[in-house]
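Undergrad: My structure is below; once you've seen it, I'll send some questions.
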Ligand code: MV4
């Protein structure tokens, strides 16, 4: 087992990882930017190293600084959390070259899954359902038009280096193709330095359902059920739950099998997520594979009573997984609490937290790095807490969430708590009747 893990991240996920390390008897090293010198991850870790000024590119994305911190503290592994360097193949590679175990995917797997067209190809070959569309990348406009005509409008063109919605365009009719093709390519080229595009049939009102998987170094893989992440705004998830209200036992079995196939196709080692789009007929299609721990992992942990960070560390240390699949019978929901003003287009609201009361009680979990007096820096993501509830049924989990939200007091900054309170009361949400389009028609009341 590792003796010392350097956590190459900040905020709640850094704390989350430190907590598990403590329970496992593993020493921890925090790294921090000057903006985070008063952060809890710095205080909770056994050691802390300043790695640079506030901008992420100079600190949490600064590979030489982080490697130097690992070297001087003698860390034998790094945990990247989510975001930042978690899916950076260069960082995974450099860790390997320096004899520091990267707790995540290999550089090859990161590159293979990071190129979306290539990932789709790999999955198609492995027998995982994919959305009908172009064979690999489109060479030019003419081929795009031809392919779109063949599969029928509406179609969607996607940047192969994309993800998170950037460099993506929906095309409803051939007359619009050229302009959207040009603008998507330009956007992708500028954002990723790669303007490769592929095309798919556009699925109109899909659900985003992802399967948590785990694989070990011995060729074994299993799934840990699904999470429904359809409630999103501008590709930012707002709330997630498991099980999906749209799920059936048959669909879970089929999607679980497909996710395991996906994991085995790339000899996946660690915990990961296979994202699917599910249409109204319950056809499901591979969308992306995430080779990291995800923000929403706690809902899965709560329903299967299983520490996914511990599992990541054990797998990275060469321990085998049991290989058994999980079909939970509890229900968990997560609300992401952001320092944003939901009444003002979710505008970020950084600053000092003057008053704080954190909810608790039966079925309530709060993963957060905030405290009274904490100053939320403007440099990073605005998520300040994850509020998770777990209960025997969906209705009870929602009721517990409403109760916990009503106890949550954060003063000094605006938060998304009022949004979540209204969401929990929303009739369609209560019925489990929602798709990725939900937020387009959701109206927040004053
Ligand atoms: C799609 C789609 C409909 N049809 N692909 C959005 C982010 C990227 N990962 C893929 N995305 C989508 N791909 C086809 N063929 C709709 C989306 C999409 C979406 C997907 C999941 C969650 C929220 C979304 C919001 C808008 C569009």
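The values are calculated or read from the model by the stated rules, or taken from the named source; none is laboratory data. Just so it is clear, the model here is predicted, and its values are computed rather than measured. Every residue, glycine among them, receives a Cβ derived from its backbone with ideal geometry; neighbour counts consider all protein chains shown.
Undergrad: Among the residues of the range 326-340, is there at least one that is closer than 25 Å to residue 23 by Cα and at pLDDT below 95?
TA: Among the residues of the range 326-340, at least one is closer than 25 Å to residue 23 by Cα and at pLDDT below 95, which makes the answer yes.
Undergrad: Given the conditions (1) more than 19 Å from the chain's Cα centre (by Cα); (2) within 16 Å of the ligand (Cβ to nearest atom); (3) modelled with pLDDT of 95 or more, which single one is not true for residue 120?
TA: (1)
Undergrad: Could you tell me which residue of the range 353-367 is farthest from the chain's Cα centre (by Cα), considering only residues that are outside any loop (DSSP other than H, G, I, E, B) and surrounded by 12 or more Cβ atoms within 10 Å (Cβ to Cβ)? Steps first, please.
TA: From the range 353-367, those outside any loop (DSSP other than H, G, I, E, B) are 355-357, 364-367; that's our starting set.
After this cut, where a residue has to be surrounded by 12 or more Cβ atoms within 10 Å (Cβ to Cβ) as well, the list is 356, 364-367.
Details: 356: 27, 364: 21, 365: 19, 366: 18, 367: 15 Å.
Per the stated criteria, the residue is 356.
Undergrad: While we're on this one: Quick check on the range 426-446: of everything there that is in a helix (DSSP H, G or I) and within 19 Å of residue 388 (Cβ to Cβ), which residue is nearest to the ligand (Cβ to nearest atom)?
TA: 429
Undergrad: Follow-up question, since we're still on this one. Only one residue in 103, 131 is more than 15 Å from the ligand (Cβ to nearest atom) and either closer than 28 Å to residue 313 by Cα or crowded, with 19+ Cβ neighbours inside 10 Å (or both), so which one is that?
TA: From the options 103, 131, the qualifying one is 103.
Undergrad: For the list (1) under 29 Å from residue 138 (Cβ atoms); (2) within 14 Å of the ligand (Cβ to nearest atom), I need the number of the one condition that residue 231 fails.
TA: (1)
Undergrad: Checking residue 57 against (1) free of Cβ contacts under 8 Å to residues at least 40 places away in the same chain; (2) under 22 Å from the mean Cα position of the chain (by Cα); (3) surrounded by fewer than 21 Cβ atoms within 10 Å (Cβ to Cβ); (4) outside any helix (DSSP H, G or I): exactly one of these is not met. Which one?
TA: Result: residue 57 fails condition (4) only.
Undergrad: Continuing with the same structure: Surrounded by fewer than 17 Cβ atoms within 10 Å (Cβ to Cβ) and in a helix (DSSP H, G or I): is that true of residue 399 in this structure? Even if it seems obvious, please write down each step before you answer.
TA: Numbers: surrounded by fewer than 17 Cβ atoms within 10 Å (Cβ to Cβ): yes; in a helix (DSSP H, G or I): yes.
Here the answer is yes, as residue 399 does meet what is asked.
Undergrad: Out of 98, 41, report the one residue that is touching a helix residue (DSSP H, G or I) at 6+ places or on another chain (Cβ under 9 Å), in contact (Cβ under 8 Å) with a residue 60 or more places away in the chain and not assigned by TED's automatic domain parsing to the domain that holds residue 272.
TA: Of the residues listed, the single one that is touching a helix residue (DSSP H, G or I) at 6+ places or on another chain (Cβ under 9 Å), in contact (Cβ under 8 Å) with a residue 60 or more places away in the chain and not assigned by TED's automatic domain parsing to the domain that holds residue 272 is 41.
Undergrad: Something else about it: Can you tell which of 114, 136, 144 is at positive phi and within 16 Å of the ligand (Cβ to nearest atom)?
TA: One residue alone meets the criteria, 136.
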